[in-house]
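Structure first, then comments.
The values are calculated or read from the model by the stated rules, or taken from the named source; none is laboratory data. Only a predicted model underlies this, so the values are computations on that prediction, with no experimental measurement involved. All Cβ positions, even for glycine, are placed from backbone atoms using ideal geometry, and neighbour counts span all protein chains on display.
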């Protein structure tokens, strides 16, 4: 195996992540991936697994894993980082495709569209474990486990938020209108999407575990027990009253059925929901993403203070100097940062690792 990471090192990283989740880790969780640390060995023929290539079925799962292995072999993992495969390559909210929506990556990115015009009352989504996309991901999982065992962790697919998936199946504009015209049917649809979400999570988890070293997703956080980054990008477009009626109950159930959860708070339009989110007693953490064109992390110290005051941990997004600025201003306890540095940037690497305890 060309990935330079053994099971004992993985166990150390997993322990620190577990302590971060539980609130018993002193200082921040600082995952630093060093890019270009080793030359790429070459030899694999398959393209890198990405949203642009995910629909190319000419390559076997084993060939895709060989390419991923070559990519991982060029990296080093410092601090709390570890080798992982991010399965957002099949798009954000891929549960929609598992339930019959069209997956379109012709633009180079993945988008989901309804498979036709359907009345709200006629939409009854169900997770299909034999769906072509679900089978493909599970086949890649099996090839990866055979190659790496517990030395590389493969993430759960980006299933998406329940309302986000409902919007993919119904159409966003239609769903916004439905909230006013037929709220009870929306609640029925939300319930069915949520059931499909649970079925999908359990199906993928049954393939990965207990063979994998832990649970992860596109956030990069590692957990020894079921975990996920939960979200609702759709709530950017609705007020807090509708959020509490249509979205918050599903989030509450997510935090109850999964041991470790972090909420993906995406953009200033979601800040009106932050108090409701922080009131979820079982939620562990919040990832605040301020959005393109907005001021960086140091502008949002009051948001981070509110998250911390609610007893939640937080993922800080930004460049090395920005996240170090937040840690300097607020302290590192409960903070998670996922950073990448070039192999020649020893100064930045040292600064990032110096804040760990």
Conditions (1) within 24 Å of residue 221 (Cα to Cα); (2) part of a helix (DSSP H, G or I); (3) out of contact with any helix residue (DSSP H, G or I) (no Cβ under 6 Å at 6 or more places or on another chain); number of the one not met by residue 135: (1)
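Specify which of the listed residues (346, 309, 292) is closer than 23 Å to residue 18 by Cα and free of Cβ contacts under 8 Å to residues at least 12 places away in the same chain. Quick ask: steps written out before the conclusion?
Values: 346 fails: closer than 23 Å to residue 18 by Cα; 292 fails: closer than 23 Å to residue 18 by Cα.
309 is the lone residue from the list that is closer than 23 Å to residue 18 by Cα and free of Cβ contacts under 8 Å to residues at least 12 places away in the same chain.
Scan the range 323-334 for residues that are assigned to a helix (DSSP H, G or I) and either in contact with a strand residue (DSSP E or B) (Cβ under 8 Å, 6 or more places away or on another chain) or modelled with pLDDT under 95 (or both) and jot them down.
Initially, the range 323-334 is screened for residues assigned to a helix (DSSP H, G or I), giving 323-330.
323, 326, 327 - these are the residues of the range 323-334 that are assigned to a helix (DSSP H, G or I) and either in contact with a strand residue (DSSP E or B) (Cβ under 8 Å, 6 or more places away or on another chain) or modelled with pLDDT under 95 (or both).
Right, residue 318: at positive phi, in contact (Cβ under 8 Å) with a residue 12 or more places away in the chain and either crowded, with 20+ Cβ neighbours inside 10 Å or in contact with a strand residue (DSSP E or B) (Cβ under 6 Å, 6 or more places away or on another chain) (or both) or not? Steps first, answer last, please.
On the way: at positive phi: yes; in contact (Cβ under 8 Å) with a residue 12 or more places away in the chain: yes; either crowded, with 20+ Cβ neighbours inside 10 Å or in contact with a strand residue (DSSP E or B) (Cβ under 6 Å, 6 or more places away or on another chain) (or both): no.
For residue 318, the condition - at positive phi, in contact (Cβ under 8 Å) with a residue 12 or more places away in the chain and either crowded, with 20+ Cβ neighbours inside 10 Å or in contact with a strand residue (DSSP E or B) (Cβ under 6 Å, 6 or more places away or on another chain) (or both) - is not met.
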Any residue in the range 106-132 that is on the phi > 0 side of the Ramachandran plot sitting within a Cβ distance under 9 Å of a residue that is at pLDDT 95 or above and surrounded by 13 or more Cβ atoms within 10 Å (Cβ to Cβ)? List the pairs, counting only those 6 or more apart or interchain. 108/50; 108/51; 108/52
Those residues of the range 197-237 which are more than 18 Å from the chain's Cα centre (by Cα) and surrounded by 22 or more Cβ atoms within 10 Å (Cβ to Cβ) amount to none
Number of the exception - residue 340 against (1) touching a strand residue (DSSP E or B) at 6+ places or on another chain (Cβ under 6 Å); (2) surrounded by fewer than 20 Cβ atoms within 10 Å (Cβ to Cβ); (3) outside any strand (DSSP E or B): (3)
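How about the range 134-145: which of its residues are farther than 24 Å from residue 264 by Cα and touching a residue at least 60 places away in the same chain (Cβ under 8 Å)? Show your work before the answer.
Of all residues in the range 134-145, those farther than 24 Å from residue 264 by Cα come to 135-136, 138-145.
If the condition is that a residue be farther than 24 Å from residue 264 by Cα and touching a residue at least 60 places away in the same chain (Cβ under 8 Å), then 136, 138, 139, 140, 141, 142, 143, 144, 145 are the ones that fit.
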Just to check your reading of the model, which residue among 302, 328, 275 is closer than 26 Å to residue 246 by Cα, out of contact with any helix residue (DSSP H, G or I) (no Cβ under 6 Å at 6 or more places or on another chain), loosely packed, with under 14 Cβ neighbours inside 10 Å and free of Cβ contacts under 8 Å to residues at least 40 places away in the same chain? 275
Collect the residues in the range 16-40 that are surrounded by fewer than 21 Cβ atoms within 10 Å (Cβ to Cβ) and in contact with a helix residue (DSSP H, G or I) (Cβ under 8 Å, 6 or more places away or on another chain), keeping them in residue-number order. 38, 40
Helices (runs of 4 or more DSSP H) enclosed by the range 147-257 - at least 1 residues per element that are in contact (Cβ under 8 Å) with a residue 40 or more places away in the chain and closer than 30 Å to residue 5 by Cβ: 183-208
Which residues, counting only those in the range 10-59, are free of Cβ contacts under 8 Å to residues at least 12 places away in the same chain and outside any loop (DSSP other than H, G, I, E, B)? 12, 15, 19, 22
Checked the range 98-123 for anything assigned to a loop (DSSP other than H, G, I, E, B) and either exposed (fewer than 14 other Cβ atoms within 10 Å of the Cβ) or more than 26 Å from the chain's Cα centre (by Cα) (or both); matches are 106, 107, 108, 109, 115, 116, 117, 118, 119, 123
Which condition number in (1) in contact with a helix residue (DSSP H, G or I) (Cβ under 9 Å, 6 or more places away or on another chain); (2) buried (at least 16 other Cβ atoms within 10 Å of the Cβ); (3) not in a helix (DSSP H, G or I) is the one that residue 294 fails? (2)
